[in-house]
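Working notes for the structure below.
The values are calculated or read from the model by the stated rules, or taken from the named source; none is laboratory data. Note that the structure is predicted; figures quoted are calculated from it, not measured. Positions of Cβ are generated from backbone atoms using ideal geometry, with glycine treated the same way; all protein chains shown enter the neighbour counts. Each accessible area value is taken on the protein alone, full model and side chains, heavy atoms only, with ligands, DNA and RNA left out. Shrake-Rupley method; radii C 1.70, N 1.55, O 1.52, S 1.80 Å.
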Amino acid sequence: MERFGALLKTGENEGKEKHVPVIKAPDRVKADEFFEVTVVVGDQVPHPNTVEHHIKWIQVYAKPENHEVVHVGTFDLGPTYADPKVTFRMKLSKPATLYAIEYCNIHGLWESAKEIAVE
């Protein structure tokens, strides 16, 4: 049986349309202070947003240093009306890696990651 993680695609699998979720956040933040994070699918080339082909959801997780993975948020998107871009605020108390996973109704699951240092 194939493991779920094996189903996730990265930029190495990229085709003609952009599917990789791009995480835009500071490289370094202050401990326990809120900062803004934006996740966008199709940062350079817009992803289609039709009933037939769209991004259904974006999920964000944080993996703090020496800690288990924490679910930060899930953002459900509707075809034709929603832009596959979300912005939210969060805080960290220790260095962490943020993970973004998104689901395209045709091309499946895509992921990316960004490390964030904490002062």
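Out of all the residues in segment 84-105, is one or more among the acidic types (Asp, Glu) and under 15 Å from the mean Cα position of the chain (by Cα)?
Yes: one or more hits.
Taking the condition under 15 Å from the mean Cα position of the chain (by Cα) and at pLDDT below 95, does residue 37 pass? Give the steps one after another, and end with the answer.
Details: under 15 Å from the mean Cα position of the chain (by Cα): yes; at pLDDT below 95: no.
It is false that residue 37 is under 15 Å from the mean Cα position of the chain (by Cα) and at pLDDT below 95.
Which one of the conditions (1) surrounded by fewer than 17 Cβ atoms within 10 Å (Cβ to Cβ); (2) closer than 15 Å to residue 102 by Cα; (3) not basic (Lys, Arg) does residue 60 fail to meet, given that it meets all the rest?
(1)
Given the conditions (1) under 21 Å from residue 5 (Cβ atoms); (2) assigned to a strand (DSSP E or B); (3) not acidic (Asp, Glu), and given that residue 106 satisfies all but one, which numbered condition is not satisfied?
Only one criterion in (1) under 21 Å from residue 5 (Cβ atoms); (2) assigned to a strand (DSSP E or B); (3) not acidic (Asp, Glu) is unmet by residue 106, namely (2).
Within segment 22-74, take every residue that is among the β-branched types (Val, Ile, Thr) and assigned to a loop (DSSP other than H, G, I, E, B) and give me the one that is nearest to residue 113 (Cα to Cα).
Narrowing segment 22-74 to residues among the β-branched types (Val, Ile, Thr): 22-23, 29, 37-41, 45, 50-51, 55, 58, 60, 69-70, 72, 74.
The next check asks that each one be assigned to a loop (DSSP other than H, G, I, E, B); those that pass are 45, 50-51, 69.
On the way: 45: 19, 50: 27, 51: 28, 69: 13 Å.
Applying the filter and picking the extreme gives 69.
Counting only residues that are outside any loop (DSSP other than H, G, I, E, B) and open to solvent by 40 Å² or more (accessible area, probe 1.4 Å), how many does segment 79-103 have? Explain how you work it out, then say what you get.
Going residue by residue through segment 79-103, those that are outside any loop (DSSP other than H, G, I, E, B) are 85-90, 96-103.
Cutting the leftovers down to open to solvent by 40 Å² or more (accessible area, probe 1.4 Å) gives us 85, 87, 89, 99, 103.
Summing the residues that are outside any loop (DSSP other than H, G, I, E, B) and open to solvent by 40 Å² or more (accessible area, probe 1.4 Å) in segment 79-103 gives 5.
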